[in-house]
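A short write-up of the structure that comes next.
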Amino acid sequence: MPETSAALAEPPPRAAVASEFAPLLRTVKDAGLLGRRQGWYGLTIAGNALALAGVVTGVYMLGESWWVLLLAPVFAVLCARTAFIGHDAGHFQITNNRSTGRVIGLVHGNLLLGLGYGWWNDKHNRHHANPNHIDKDPDVKADVLVWTSGQATDRSGLKRWLTRNQAWLFFPLTLLEGVALKVHSLQNLRTQSLRERLVEAPLLIAHLVAYVTLLLTSMPLGTALVFAAIHQALFGLHLGMAFAPNHKGMEMPDPDGEGWGHLRRQVLTSRNVRGGTLTDWFLGGLNYQIEHHLFPSMPRPNLKLAQPLVRAHCQELGISYAETGLVESYRQALRHMYEVGEPLRVE
């Protein structure tokens with residue numbers, strides 16, 4: 001079971017549940033932690049842009065040599081930084097202005113990464129509203145991987161084999177995540193309004209053209225293919241490593257059970273990851289998953305400041321607050337996937 005700082009209590013009456021979050025919200029507001037950190041984000045965005053420009057310059061300088069492949073992992077890490085900025089823009093952590101936030105998201109998503117900002121933001125907001133809810137959270141619907149024994153029993157053919165072995169296959173499959181996100185983004189264009197499509201489609205196409213042009217004009221075709229494979233695989237792996245610890249293996253609300261209030265719905269389904277500055281940087285602040293889910297618009301650098309307040313509030317109410325180390329978080333997530341596939345391995 002996840003390491004926690006307080007024992008899980010029986011759900012209180014509905015009226016009490018409704019009021020559990022209000023005192024914490026007041027405390028956080030009084031501490032000024034919901035205020036925007038535009039200076040911090042300005043430096044982060046500028047630093048990331050300069051680093052990306054540096055990699056592109058390096059690609060052109062080393063393109064005729066196989067040494068250029070050493071830049072592919074660096075490029076992947078910087079693309080993950082770019083994705084984290086787009087994520088924060090979608091939650092209005094950077095600015096309260098909806099139009100400005102959308103522009104930041106479109107630039108960092110569609111243009112720089114080839115990931116559809118509109119599609120991803122809609123999907124991610126539905127996840128935030130009902131995390132780990134089997135009927136409402138798109139992140140736990142049955143797809144390549146499954147998250148409940150009920151989902152596992154309906155599998156057949158290749159999907160059944162994948163489910164039996166999903167714990168071992170999880171990280172190898174994340175190597176394809178970067179490409180999969182791009183494919184989903186393009187497919188989703190069909191469901192968008194004409195107005196949205198006229199904005200998002202040209203940016204996605206511009207990214208693809210710029211990416212292919214960068215590789216083919218700076219290096220031989222064989223080197224370009226290897227560079228793209230390494231870059232996209234490590235980008236997907238990095239994203240998978242950032243998102244995997246957050247909810248996998250945590251509580252999953254009973255669709256037919258008593259509804260949880262906002263505090264319990266977000267805290268009981270989320271897991272924090274302990275660590276210092278390096279962990280915060282590598283996971284893009286998502287290691288403070290509990291605080292992020294309780295306060296989605298809270299700027300990333302404020303999440304660690306809110307953590308002691310949230311932990312103390314949960315302890316006072318007797319609500320489980322899950323927090324563990326990075327390696328242990330992966331172990332717990334993989335163990336959950338392994339247990340879900342267990343019935344299919346003993347047939």
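The values are calculated or read from the model by the stated rules, or taken from the named source; none is laboratory data. The shown structure was predicted, so the numbers you read here are calculated from the model rather than taken from an experiment. Neighbour counts are summed over all protein chains in view; Cβ atoms, including those assigned to glycine, are modelled from backbone coordinates with ideal geometry. Just the protein is used for accessible areas: all its heavy atoms, side chains included, with ligands, DNA and RNA removed. Shrake-Rupley method; radii C 1.70, N 1.55, O 1.52, S 1.80 Å.
Go through the range 121-149 and give me each residue that's more than 24 Å from ASP88 (Cβ to Cβ) and free of Cβ contacts under 8 Å to residues at least 12 places away in the same chain.
Listed by number, the residues that qualify are LYS141, ASP143.
Could you list all residues from the range 142-177 that are outside any helix (DSSP H, G or I) and over 21 Å from GLY240 (Cα atoms)?
Scanning the range 142-177 gives ASP154, ARG155, SER156.
Quick one: how many residues across the range 31-43 are assigned to a loop (DSSP other than H, G, I, E, B) and open to solvent by 50 Å² or more (accessible area, probe 1.4 Å)?
Within the range 31-43, residues that are assigned to a loop (DSSP other than H, G, I, E, B) and open to solvent by 50 Å² or more (accessible area, probe 1.4 Å) number 3.
Is there a residue in the range 297-318 that is open to solvent by less than 10 Å² (accessible area, probe 1.4 Å), in a helix (DSSP H, G or I), among the aliphatic types (A, V, I, L, M) and at pLDDT below 95? Reasoning before the result, please.
First, pick out the residues of the range 297-318 that are open to solvent by less than 10 Å² (accessible area, probe 1.4 Å): 298-299, 302-303, 306, 310, 314.
When the remaining residues are screened for being in a helix (DSSP H, G or I), the result is 302-303, 306, 310, 314.
Subsequent filtering for residues that are among the aliphatic types (A, V, I, L, M) retains 303, 306, 310.
When the remaining residues are screened for being at pLDDT below 95, the result is none.
No, the range 297-318 has no match at all.
Quick check on the range 44-101: of everything there that is among the charged types (D, E, K, R) and at pLDDT below 95, which residue is most open to solvent (accessible area, probe 1.4 Å)?
Result: ARG98.
Take the range 129-187 and flag every residue that is surrounded by 16 or more Cβ atoms within 10 Å (Cβ to Cβ), more than 28 Å from ASN110 (Cβ to Cβ) and among the β-branched types (Val, Ile, Thr).
ILE134, VAL146, THR163
Hand me the list of helices (runs of 4 or more DSSP H) wholly inside the range 45-136 holding 2 or more residues that are of a type in the set (S, T, N, Q).
On the way: elements: 71-90, 98-106, 117-129.
Helices (runs of 4 or more DSSP H) meeting the threshold: 98-106, 117-129.
Identify all residues within the range 272-295 that are open to solvent by 30 Å² or more (accessible area, probe 1.4 Å) and either under 16 Å from PRO23 (Cα atoms) or in contact with a Gly (Cβ under 9 Å, 6 or more places away or on another chain) (or both); write none if there are none.
ARG274, GLY275, PHE282
Among the residues of the range 125-155, write down those that are within 29 Å of SER297 (Cα to Cα) and among the hydrophobic types (A, V, I, L, M, F, W, C).
ALA129, ILE134, VAL140, ALA142, TRP147
Residue-wise test of (1) surrounded by fewer than 20 Cβ atoms within 10 Å (Cβ to Cβ); (2) part of a helix (DSSP H, G or I); (3) acidic (Asp, Glu).
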residue	(1), (2), (3)
HIS207	yes, yes, no
TYR211	yes, yes, no
LEU214	yes, yes, no
ALA229	yes, yes, no
LEU237	no, yes, no
ASN246	no, no, no
ASP256	yes, no, yes
TRP260	no, no, no
SER270	no, no, no
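Six or more apart or on different chains, Cβ under 9 Å: which pairs go from a residue in the range 61-75 that's among the charged types (D, E, K, R) to one that's at pLDDT 95 or above and open to solvent by 40 Å² or more (accessible area, probe 1.4 Å)? Could you list them?
If the second residue must be at pLDDT 95 or above and open to solvent by 40 Å² or more (accessible area, probe 1.4 Å), the pairs left are GLU64/PRO220.
Return the pairs, sorted by first residue and then second, in which the second residue is open to solvent by 10 Å² or more (accessible area, probe 1.4 Å) and not acidic (Asp, Glu), the first residue lies in the range 244-269 and is farther than 17 Å from THR148 by Cα and free of Cβ contacts under 8 Å to residues at least 24 places away in the same chain, the beta carbons are less than 6 Å apart, and the residues are 6+ apart or on different chains.
Pairs that qualify, where the first residue is farther than 17 Å from THR148 by Cα and free of Cβ contacts under 8 Å to residues at least 24 places away in the same chain and the partner is open to solvent by 10 Å² or more (accessible area, probe 1.4 Å) and not acidic (Asp, Glu): there are none.
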